[in-house]
Amino acid sequence: MKTVNHWIGGKTVEGASGNWGQVTDPATGAVTTRVALASAEEVDAAVGAARAAYATWGTSSLSQRTGILFQYRALLDARRDDIAALITAEHGKVHSDALGEVARGLEIVELACGITTQLKGELSTQVSSKVDVSSIRQPLGVVAGITPFNFPAMVPMWMFPLAVACGNTFVLKPSEKDPSAANLLAELASEAGLPDGVLNVVHGDKVAVDSLLAHPDVAAVSFVGSTPIARHIHATASANGKRVQALGGAKNHMLVLPDADLDAAADAAVSAAYGSAGERCMSISALVAVGAIGDELVAKIRERAQKITIGPGDDPASEMGPLITRAHRDKVASYVTGAAAQGADVVLDGTGHTVKGYEEGHWIGLSLLDNVSTDSDAYRDEIFGPVLVVLRVETYEEGIALINASPYGNGTAIFTRDGGAARRFQLEVEAGMVGVNVPIPVPVGYHSFGGWKDSLFGDHHIYGNDGVHFYTRGKVVTTRWPDPADTPAGVDLGFPRNH
């Protein structure tokens, strides 16, 4: 059986706690790997390695950092398929989805390669007589990232490349459900020339997380995961004096107006709701149909959803893979099996789906629930699976009120041909990321990613300008130098006098 250990100080470090987690192949249900679960002492060793490396990395030149990052980007590009294969083997998503994940992570590596312009300061001269004021940004020190199972390569790459480009050192605690991609990312960083200790990976559970949140040498914590855990991360780390960005869960709405292209809207709904088996915080999980279009739109979604091929992620014919664990599969299924009792029309029920030859895999088919009420479990909770709920409203105003009443505010979308309606929506909707005829409005790397309300705890979104500001702190320098002309005898610069 494969073993995944920690990566500390530029090398593999065997787990010493005696505690191990199990990693399964979601397509077969078989345990394929054991992963070391760190003790508080092992977390301390990783933080210690990062602290020691910061002594030189924090004062390294921008050209040194960007030179390494350019090499790193080239290695990641060359190993895309290898990283994607690890994601598919442990997460279950199809290979094309996994490759897309790596590509989105690479965007932030590319942003980090251009950190020289992001870290430029400001200068104001002559603010007073002979007085200048400048503003600079400096790294924080040791920072940590705690990342989820659904994007085991992309979300870490949303964090550590930018953090180390800013001069910090990093301790990554990835999900113990699919840990292998994180180790490969760290090994490739070392191969690119990143000094030992600048990037460390410790695997673990709540013990490792709480150790990072309390550690006095960790200056900041980045987190992506569910809302209850994000709230805990923010409260605990903040209480320990740390800077925190904690991105939580979502219930992303897609508002479809009567004038929308229904074929385009149905295509978008299927890809956004069921892509990556719905295991993504930017999936569309609630569709709000306005007016009389609901029946036709639901029929179009049903027709398309029934054609999706479900199978192992490494099969090129598969368009959707299994869920990460059997327990999660059963939880997702419970929302579908209980929907009718709470008033919904079950248009598609995927709970009985199996794949021939892979009967022990964590399979679930696509589910579509219509006429869902806002007080039902399927609407209120973040299901995190291939379940799309449809709500009906009569007007745009009802739709925007419904969306804004949600406690989540991660992403949202509107489908319409009316520019005025779209403009009004983007100004009125209470969410951090908005799509206009774009179902999953994940920003490109040079714009920041993050939600509102219970989808974000902390003041900074992730990557982009917000990411640079999160991983640095500002300093303002006021200087006053005497003018040489004010010295009666002039200034002796020590040059030889020949006359």
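The values are calculated or read from the model by the stated rules, or taken from the named source; none is laboratory data. All figures in this text were calculated on a predicted structure; none of them were measured in a lab. Because the Cβ atoms are built from the backbone with ideal geometry, glycine has one as well, and the counts that use them run over all protein chains shown. In case anyone asks, the SASA skips ligands and DNA or RNA and just uses the protein heavy atoms, side chains included. Shrake-Rupley method; radii C 1.70, N 1.55, O 1.52, S 1.80 Å.
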Take the residues in the stretch 52-107 that are over 17 Å from A192 (Cα atoms) and without any contact (Cβ under 8 Å) to a residue 12 or more places away in the chain, then tell me which one is least open to solvent (accessible area, probe 1.4 Å). G100
Only one of these is under 30 Å from R79 (Cα atoms) and either at pLDDT below 95 or buried (at least 24 other Cβ atoms within 10 Å of the Cβ) (or both): A266, A182, A192, A230. Name it. A182
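Identify, from the list S226, S222, the residue that is of a type in the set (S, T, N, Q), in contact with a helix residue (DSSP H, G or I) (Cβ under 8 Å, 6 or more places away or on another chain) and under 21 Å from F449 (Cα atoms).
On the way: S226 fails: in contact with a helix residue (DSSP H, G or I) (Cβ under 8 Å, 6 or more places away or on another chain).
One residue alone meets the criteria, S222.
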Looking at A219, A264, which one is over 21 Å from G467 (Cα atoms) and either touching a residue at least 40 places away in the same chain (Cβ under 8 Å) or assigned to a loop (DSSP other than H, G, I, E, B) (or both)? A264
Among all residue pairs at least 6 apart or on different chains, which show Cβ distances below 6 Å where the first residue, located in the stretch 368-385, is farther than 18 Å from L297 by Cα and modelled with pLDDT of 95 or more and the second is of a type outside the set (G, A, S) and open to solvent by 40 Å² or more (accessible area, probe 1.4 Å)? S376/Q342
Which condition number does A112 fail, the rest of (1) part of a loop (DSSP other than H, G, I, E, B); (2) more than 30 Å from I310 (Cα to Cα) being met? (1)
Scan the stretch 80-89 and give yes if some residue there is of a type in the set (S, T, N, Q) and more than 21 Å from the chain's Cα centre (by Cα), otherwise no. no
What are the pairs, 6+ residues apart or on separate chains, where a residue within the stretch 428-452 that is over 18 Å from I462 (Cα atoms) has its Cβ under 7 Å from a residue that is at pLDDT 95 or above and among the basic types (K, R)? E430/K453
Show the residue pairs that are 6+ apart or on different chains and have beta-carbon atoms under 7 Å apart, the first residue being within the stretch 471-499 and farther than 30 Å from Q118 by Cβ, the second being in a loop (DSSP other than H, G, I, E, B) and at pLDDT 70 or above. D483/K130
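Restricting to the stretch 371-398, name every residue that is aromatic (F, W, Y) and under 18 Å from S455 (Cα atoms).
Taking the stretch 371-398 as the starting set, the residues that turn out to be aromatic (F, W, Y) are 379, 384, 396.
Within the stretch 371-398, Y379, F384 meet the criteria.
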Residue in the stretch 269-293 that is surrounded by the fewest Cβ atoms within 10 Å (Cβ to Cβ), counting only those that are within 22 Å of E428 (Cβ to Cβ) and over 27 Å from the mean Cα position of the chain (by Cα): G291
Contact list please: Cβ distance under 9 Å, first residue in the stretch 23-35 and in contact (Cβ under 8 Å) with a residue 40 or more places away in the chain and under 14 Å from A181 (Cα atoms), second residue assigned to a loop (DSSP other than H, G, I, E, B) and hydrophobic (A, V, I, L, M, F, W, C), pairs at least six apart or on different chains. T33/M1
